[in-house]
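Written out below as structure tokens is the structure these notes cover.
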Amino acid sequence: MNRFSAILTCCLPLFLLSGCATHYDIVTINGRVSTARGKPKLVTSVEIPDESGKKRKMKVEPFYKYKDVEGQERTISASRVVRIYPATDRKDKDVYYIPNDYSMPDSWKKSKPWYKRL
């Protein structure tokens, strides 16, 4: 049992600290990329105190709330966000997804299946 507890105490910090320092890239409609420290949180409602002091939830237009690389709290409307992905998934630092087909690189376009090419 003593050996098991020693292994557990050595491995437990590795499991707890493995997902803490992930950066995410947020790509907007116009192609701007923001880097967030941690995963952005989607907010659909906020709590507002009423006259009696009780807090009640109020629906708002969805937005993402995140901390940028400098540590400042930022928000961005969910309708402006095209894609959110971990920064480690970024293969080419100069190419980002832009939603219209005209500006997409040819390598990203899917080719038609053989039976639709005719």
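The values are calculated or read from the model by the stated rules, or taken from the named source; none is laboratory data. It should be emphasised that the depicted structure is a prediction, and the values quoted were computed from it without experimental measurement. Here the Cβ positions follow ideal geometry from the backbone for every residue, glycine too, while neighbour counts run over all protein chains shown.
Here are a few things to note about the model shown:
A quick yes/no check of all residues on (1) touching a His at 6+ places or on another chain (Cβ under 7 Å); (2) surrounded by 13 or more Cβ atoms within 10 Å (Cβ to Cβ); (3) at pLDDT below 75:
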{"site": "Ala6", "(1), (2), (3)": "no, no, yes"}
{"site": "Thr9", "(1), (2), (3)": "no, no, yes"}
{"site": "Leu16", "(1), (2), (3)": "no, no, yes"}
{"site": "Ile26", "(1), (2), (3)": "no, yes, no"}
{"site": "Ser45", "(1), (2), (3)": "no, no, no"}
{"site": "Pro49", "(1), (2), (3)": "no, no, no"}
{"site": "Gly53", "(1), (2), (3)": "no, no, no"}
{"site": "Gly71", "(1), (2), (3)": "no, no, no"}
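- Within region 40-67, the only residue that satisfies the criterion of being polar (S, T, N, Q) and farther than 24 Å from Tyr24 by Cα is Ser52.
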